[in-house]
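What follows is calculated from the coordinates using simple rules that are stated; it is not laboratory data. Here the structure is a predicted model, which means the values were calculated and not measured. Quick reminder, even Gly has a Cβ in these numbers, built from the backbone with ideal geometry, and neighbours come from all protein chains shown.
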Amino acid sequence: MRTQGILEKYRDLIKLPKHAVPLSLCEGDTPLIPVPALADRLGGGFELYVKYEGLNPSGSFKDRGMVAAVSEAVGAGAKTIICASTGNTAASAAAYAARAGIRAIVLIPGGKVARGKLAGAAMYGAQIIQIDGSFDEALKLVREITDKMPIALVNSLNPYRLEGQKSGAFELCDALGSAPDLVCIPVGNAGNITAYHMGFTQYHELKKTGIPSFIGVQAAGAAPLVLGHVVEHPETVATAIRIGNPARGDQALNVIKETNGKMLSVSDDDILAAQKLLAGQGIWVEPASAAGLAGLIAEVNAGRDVRGKRVVLICTGNGLKDPDIVQLPEPIKVRPDFEEVRKILVA
Ligand code: F0G
């Protein structure tokens, strides 16, 4: 049973100021699930794992960074936190603000925020403000607000978000005995890939665990880091990564360069196909979280040799976050009668 969160578990490795307060929803310590059937589909001969981050308390990887950011903010005296969000950061900020007894305000882009995320933010008690604009515009606004008002910013521009988030890398090294060879990770605002790299680098300095190569994956309609320019009107079914101007884009590109990795984009169809493949293994993730697998498939199809390697897919959010993406079949309706049901079962 998980009885402590990442701040306690990794207290010697996560660098927070002295004023940071204890805070936890027992986040982290998420499963690393082997998916050999998917590896076989890709030619076999390598180890493939899903780091199932959707099993964090608010249903996404954001909880690792958020617990650290809110712990610091509260210790510094903040009574209110704010973030721009495509949904998961909002739910996470709201959860930890509730836990700490402070107020959360979340700015979301117009439309296209998955219902499970908004429901979470509302349930945890955040004030939700929808702007008539994109995530990137919301983030710009949040920067201005936090410059001018006594409100703490908890987007991943906040360095403590990365401090907590890097715990995902520690867990991978602990579980596998050393770093994997390749990490496939969806990229939106680019905080997560930056934090994982920080985590692997720190662990390697301490324990010689190695540093993996990164495949960063964007959606084709929201791929500024692949195209090399800002995307004014990002569009993708993977609404979590519907971002046209990533705050940590340069750092993400550095990670790719330093680790001999690759930043690539995949179509919405490929993302949804990858989501189905994962669900076929019993792992239901939200669309953005399937981008890593879609990217790996694209790379293997393009000739990347992964034989003998250990590959990890970072699956960032739970499928329950975005129920509307699922096309529900019309249920077969019957009277509660054995004969009627039997007829259907043997048809
Ligand atoms: N996957 C999911 C499910 C996400 O919610 C996000 C980002 C990412 C991947 C990309 O991570 O931004 O660190 O590169 N969601 C943010 C949000 C933008 O507001 O919830 P990133």
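The Cα-based radius of gyration and maximum Cα-Cα distance (Dmax) for the stretch 62-159 are 11.9, 34 Å.
Straight-distance candidates among the lysines for linking to Lys333, with alpha-carbon spacing under 21 Å and chain neighbours fewer than 8 residues away dropped: Lys343. Taking 0.36 nm per residue of separation and subtracting the Cα-Cα distance, full extension of the segment from Lys276 to Met123 would add 52.2 nm.
For the stretch 35-81 versus the stretch 189-204, the spacing of their alpha-carbon centroids is 12 Å. When the alpha carbon gyration tensor of the stretch 93-219 is reduced to an equivalent ellipsoid, the three semi-axes, largest first, read 31, 16, 14 Å.
Over the chain, Cα pairs under 8 Å with separation of 6+ residues give a relative contact order of 19 percent. Ordering 142-152, 80-90 by mean Cβ neighbour count within 10 Å, with the highest value first, yields 80-90, 142-152. Normalised by the residues of the stretch 246-300, what does the relative contact order come to in percent, with Cα pairs under 8 Å and at least six apart? Computed over the stretch 246-300, the figure is 30 percent. Potential lengthening of the chain between Asp174 and Ile145 amounts to 6.5 nm, from the contour at 0.36 nm per residue minus the alpha-carbon distance. The phi-based Karplus calculation (6.51 cos²θ - 1.76 cosθ + 1.60; θ = phi - 60°) puts the 3J(HN,Hα) values of the stretch 203-220 at 5, 5, 4, 7, 10, 6, 8, x, 10, x, 7, 10, 9, x, 10, 10, 7, 4 Hz, whole numbers, x for Gly and Pro. Kirkwood analysis of the stretch 100-142, using all unique Cα-Cα pairs, places the hydrodynamic radius at 10.9 Å. In the stretch 238-347, Cα pairs under 8 Å separated by at least six residues give a relative contact order of 23 percent. Karplus-based coupling profile of the stretch 130-146, in residue order and whole Hz: 9, 9, 7, x, 8, 4, 4, 5, 4, 5, 4, 5, 5, 5, 5, 4, 6, with θ = phi - 60° in 6.51 cos²θ - 1.76 cosθ + 1.60 and x standing for Gly or Pro.
Per the helix-only calculation at 222 nm, which mean residue ellipticity applies to the chain, given -39500 (n - 2.57) for every DSSP H run of n ≥ 4 and division by its residues, nearest 500 deg cm²/dmol?
-12000 deg cm²/dmol
Between Thr80 and Arg103, Ala152, the built amide H atoms are under 5 Å apart, and every one of these is 5 or more places off in sequence or on another chain.
Quick check on the chain: of the DSSP beta bridges with both residues there, what percent are antiparallel, nearest 5%?
Details: 6 of 36 bridges.
Taking every DSSP beta bridge with both residues in the chain, the antiparallel ones total about 15 percent.
Potential lengthening of the chain between Leu345 and Leu206 amounts to 44.2 nm, from the contour at 0.36 nm per residue minus the alpha-carbon distance.
Taken over the C-alpha atoms, the stretch 1-91 has Rg and Dmax values of 16.7, 54 angstrom.
Take the Cα of Val230, step 7 Å toward its Cβ, do the same at Ile131, and the gap between the two points is 1.2 nm. 3J(HN,Hα) along the stretch 172-180, derived from phi through the Karplus expression 6.51 cos²θ - 1.76 cosθ + 1.60 where θ = phi - 60°, amounts to 4, 5, 5, 6, 9, x, 7, 5, x Hz, with x in place of Gly and Pro. Size of the chain: Rg and Dmax of its alpha carbons, in Å, are 20.2, 70. What the Cβ-Cβ distance of Ala76 and Asp337 gives, at R0 = 45 Å and to the nearest 0.05, is a FRET efficiency of 0.10.
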